[in-house]
1. Starting from the stretch 179-203, keep only residues that are farther than 19 Å from Asp147 by Cβ and in contact (Cβ under 8 Å) with a residue 40 or more places away in the chain, then list their pairs with residues that are in a strand (DSSP E or B) and polar (S, T, N, Q) whose Cβ atoms are within a distance under 9 Å, requiring at least 6 positions of separation or different chains.
2. Just give me the residues in the stretch 98-136 being within 25 Å of Glu169 (Cα to Cα), acidic (Asp, Glu) and over 10 Å from the mean Cα position of the chain (by Cα), in sequence order.
3. Here is a list: Lys123, Lys139, Lys198. Which entry is in contact with a Leu (Cβ under 9 Å, 6 or more places away or on another chain) and of a type outside the set (Ser, Thr, Tyr)?
4. Taking the condition of being farther than 30 Å from Lys172 by Cβ, surrounded by fewer than 20 Cβ atoms within 10 Å (Cβ to Cβ) and touching a strand residue (DSSP E or B) at 6+ places or on another chain (Cβ under 7 Å), how many residues in the stretch 38-97 meet it?
5. On the basis of being surrounded by 13 or more Cβ atoms within 10 Å (Cβ to Cβ) and either touching an Asp or Glu at 6+ places or on another chain (Cβ under 8 Å) or more than 28 Å from Val63 (Cβ to Cβ) (or both), does Phe119 make the cut?
6. As an exercise: evaluate Glu20 against (1) out of contact with any helix residue (DSSP H, G or I) (no Cβ under 8 Å at 6 or more places or on another chain); (2) at pLDDT 95 or above; (3) of a type in the set (Asp, Glu) and give the number of the one condition it does not meet.
7. So which of Lys185, Lys175 ends up being under 25 Å from Asp44 (Cα atoms) and among the basic types (Lys, Arg)?
8. For Ser69, are the conditions met, namely being hydroxyl-bearing (Ser, Thr, Tyr), without any contact (Cβ under 8 Å) to a residue 24 or more places away in the chain and either in a loop (DSSP other than H, G, I, E, B) or more than 22 Å from Glu20 (Cα to Cα) (or both)?
Amino acid sequence: MIKEQIKLPVMEAFYTIQGEGHFSGNSAYFIRLGGCDVGCVWCDVKDSWNADQWPKQSVEEIVSMVNKSPTRLAVITGGEPLMYDLTNLTEALHTSGLQTNVETSGAHPVSGNWDWICFSPKKFMKPREEFYQVADELKVVIYNKSDFEWAEAHAAQVRPDCLLYLQPEWDKSEKMLPEIINYVKDNPQWKISLQTHKFMNIP
């Protein structure tokens, strides 16, 4: 049961194929919440930053949208989705038999009951310590060569079973992907994540 009625700013919600990270290639329903205070300079969804410009929807409305698709995987992203208490949302998604995944920078407290936490720390706002113990997947965006060392600093703090991914920043892919390939060959504990949804020209 949902404990209280809350509404969340939904920038967009759509059925698609997960394009990056561990669940790449899986069908998934994406719920992109508006609002972000991290401020990544290379963010490709800067329109999400201002939560006030997006319509607010109830948990019931959000779950109803997801249930209209055949997938059983719901991915909550942003923006920075954990700016909000997502306990009620994950509870309702689980009640509907959905798997709950979140993509977060870790800049705000963990809330909700997640089946999978993709932790993608950013230099623009320090992540909270709690994420190193709850992350299932560490995904570091590589913008320049110094980011490899930065990625290792975070990898040293996560659980031993946390999956490690390096992902080229889209506009720097031509330059940084060869560097990432060589790095992963030398450091096989890492995997490569690509934004395959952009290659497939899907949301």
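1. Close Cβ pairs (under 9 Å, with a partner that is in a strand (DSSP E or B) and polar (S, T, N, Q)) amount to His197/Thr16; Ile202/Thr16; Pro203/Thr16.
2. Residues satisfying the conditions are Glu129, Asp136.
3. None of the other options fit; the residue is Lys139.
4. 9
5. In short, yes.
6. Result: Glu20 passes all but (1).
7. Step by step, each of Lys185, Lys175 is checked, and only Lys175 is under 25 Å from Asp44 (Cα atoms) and among the basic types (Lys, Arg).
8. The answer is no for Ser69.
The values are calculated or read from the model by the stated rules, or taken from the named source; none is laboratory data. Being a predicted model, the structure only gives us computed values, none of them experimental. Cβ: placed from backbone, ideal geometry, glycine included. Neighbour counts: every protein chain shown.
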